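See below for the structure under consideration.
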Amino acid sequence: MSLVYVLLNTEPGHMGSVLEEIKKIDGVEEAYMVYGIYDICVKVKTEIPQKLKGVVQRIRSQENVSYTLTLMVVH
């Protein structure tokens, strides 16, 4: 099993709509609005490690996403 967390920033005023679209992506286990430097925290979990790249790319390509940081869990 592979697990990553994706932290992202959205364009101002679009946090809610981006969050709802991200929750629809297959492989997204949890997604939350957060306070701090980032706007949204997403937990992505897949059985096949090769699927992570596609899920992360779908998150990054969402309209009104301006920046992402991907953290791969190693232990």
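The values are calculated or read from the model by the stated rules, or taken from the named source; none is laboratory data. None of the values given here were measured: they were computed from a predicted structure. Positions of Cβ are generated from backbone atoms using ideal geometry, with glycine treated the same way; all protein chains shown enter the neighbour counts.
For ASN64, the conditions (1) surrounded by 12 or more Cβ atoms within 10 Å (Cβ to Cβ); (2) within 11 Å of the chain's Cα centre (by Cα); (3) not aromatic (Phe, Trp, Tyr) are fulfilled apart from (2). Of all the criteria given as (1) over 14 Å from VAL4 (Cα atoms); (2) free of Cβ contacts under 8 Å to residues at least 40 places away in the same chain; (3) touching a strand residue (DSSP E or B) at 6+ places or on another chain (Cβ under 6 Å), the one not satisfied by TYR35 is (3).
Pairing residues of region 1-24 that are without any contact (Cβ under 8 Å) to a residue 24 or more places away in the chain with residues that are among the β-branched types (Val, Ile, Thr), at Cβ distances under 7 Å and at least 6 apart in sequence or on separate chains, gives LEU19/ILE40. Could you list, in sequence order, the residues of region 37-59 that are among the β-branched types (Val, Ile, Thr) and closer than 22 Å to GLY13 by Cβ? If the condition is that a residue be among the β-branched types (Val, Ile, Thr) and closer than 22 Å to GLY13 by Cβ, then ILE37, ILE40, VAL42, ILE59 are the ones that fit. The criterion of at least 2 residues that are of a type in the set (Asp, Glu) is met, among strands (runs of 3 or more DSSP E) falling completely within the chain, by 28-33. Before we move on, is TYR5 at negative phi and surrounded by 12 or more Cβ atoms within 10 Å (Cβ to Cβ)? Here the answer is yes, as TYR5 does meet what is asked. None of GLU47, GLU21, GLU11, GLU30 is of a type outside the set (A, V, I, L, M), under 17 Å from THR70 (Cβ atoms) and either out of contact with any strand residue (DSSP E or B) (no Cβ under 7 Å at 6 or more places or on another chain) or surrounded by fewer than 16 Cβ atoms within 10 Å (Cβ to Cβ) (or both) except GLU30. Answer with yes or no whether GLU47 is without any contact (Cβ under 8 Å) to a residue 24 or more places away in the chain and among the charged types (D, E, K, R). Judged against the criteria, GLU47 is not a match. Picking from residues in region 29-58 that are among the aromatic types (Phe, Trp, Tyr) and out of contact with any Phe, Trp or Tyr (no Cβ under 9 Å at 6 or more places or on another chain), the one that is modelled with the lowest pLDDT is TYR35.
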